[in-house]
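Following: one structure in structure tokens, then a few remarks.
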Amino acid sequence: MELYPAIDVLGGRVVRLRQGEYADETVYGEDPVAVARDFAAAGAEWIHVVDLDAARSGDPINRPVIAAIAAAVTSTSKVQTGGGVRGLADVRALADAGLARVVMGSAAVREPELVAAASEILPVAVGLDHRAGDIAVHGWTQGSGLALDDAYARFPTADVFVVTDIARDGMLEGPDVDGLRRSAELAEAPVIASGGVATLADIEALVAIPGLGGIITGKALYEGRFGVADALRVVREGHTS
């Protein structure tokens, strides 16, 4: 299992949104590259980066920042990124920028065969962002009509699935352990849990799910609930004490 400390970039700054609402943001820093270096120095082998501007508009204005993040940590950490990855040109550009994996959400849901084509360029994490089991797209602003339970079989070439419970994202109210256990059972590829992690006990509960492949955590780190090193210890040892 891997820990994925998260960096959400909006207008070049490090922010977190509550439940995906762009009008409800908190700014945590002006230098995403420095944040990535800190995560890598604490031992993170993976870093999860989201381009919130591109997720909403499709305009990858933060791509130079994301490339700089990948370059800054290349000797120690891999970077996966999502937000606005809508075609093979985006995947090629991110591969050239040194990214290790791309996250495809809206485009994957709209065109599942695109994931197979993209997988020939870079490993693909299919992002399944849902509200009560209904997949949302376009920066979480629209419903897709696709149920989470039905989504996994559509993407046989997915390297991993990133499952985000939008209602819990940025709320620090704990992850949906039961739902994630079901996802881990249904998916052929490893599932990365996203949304709601608030404590080391939350991480411990997720580590106990058979087949879960990773945990994304963001706001809890920025709010000082725990540090990357402490979270990594729980991931590797499976307990908080």
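The values are calculated or read from the model by the stated rules, or taken from the named source; none is laboratory data. Here the structure is a predicted model, which is why all the values come from computation and not from measurement. Please note: Cβ atoms are built from the backbone with ideal geometry, for glycine as well, and neighbour counts cover all protein chains shown.
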Response to the item:
Flagged in the range 142-157 as among the hydrophobic types (A, V, I, L, M, F, W, C) and either in contact (Cβ under 8 Å) with a residue 60 or more places away in the chain or closer than 30 Å to Asp24 by Cβ (or both), in numbering order, are Leu146, Ala147, Leu148, Ala151
Item to complete: Residue by residue through the range 69-92, note down the ones that are in a helix (DSSP H, G or I) and surrounded by 17 or more Cβ atoms within 10 Å (Cβ to Cβ).
Response: Ile69, Ala70, Ala72, Asp90, Val91
Worksheet item: Which residues, counting only those in the range 27-37, are in contact (Cβ under 8 Å) with a residue 24 or more places away in the chain and either in contact with a Cys (Cβ under 9 Å, 6 or more places away or on another chain) or not small (Gly, Ala, Ser) (or both)?
Response: Tyr28, Pro32, Val33, Val35, Arg37
Worksheet item: Does the range 215-229 contain at least one residue that is more than 16 Å from the chain's Cα centre (by Cα) and over 22 Å from Ala42 (Cβ atoms)?
Response: no
Discussion item. I'd like to know if the range 94-113 contains one or more residues that are without any contact (Cβ under 8 Å) to a residue 24 or more places away in the chain, part of a loop (DSSP other than H, G, I, E, B) and within 24 Å of Ala136 (Cβ to Cβ).
Written reply: yes
Worksheet item: Could you say whether any residue in the range 126-141 is of a type in the set (Ser, Thr, Tyr) and without any contact (Cβ under 8 Å) to a residue 40 or more places away in the chain?
Response: no
Discussion item. Closer than 17 Å to Gly213 by Cα and under 17 Å from the mean Cα position of the chain (by Cα): is that true of Thr157 in this structure?
Written reply: no
Worksheet item: If you go through the range 7-21 one residue at a time, do you hit one that is more than 27 Å from Ala132 (Cβ to Cβ), touching a Leu at 6+ places or on another chain (Cβ under 8 Å) and touching a residue at least 12 places away in the same chain (Cβ under 8 Å)?
Response: yes
Fill in: Condition met for Asp53 (within 18 Å of the chain's Cα centre (by Cα), part of a strand (DSSP E or B) and at pLDDT below 95)
no
Fill in: Matching residues, the range 121-168, being surrounded by fewer than 22 Cβ atoms within 10 Å (Cβ to Cβ), on the phi < 0 side of the Ramachandran plot, in a loop (DSSP other than H, G, I, E, B) and touching a helix residue (DSSP H, G or I) at 6+ places or on another chain (Cβ under 9 Å)
Ile121, Leu122, Thr141, Pro156, Thr157
Worksheet item: Has the range 54-61 got at least one residue that is hydroxyl-bearing (Ser, Thr, Tyr) and either closer than 18 Å to Ile166 by Cα or exposed (fewer than 15 other Cβ atoms within 10 Å of the Cβ) (or both)?
Response: yes
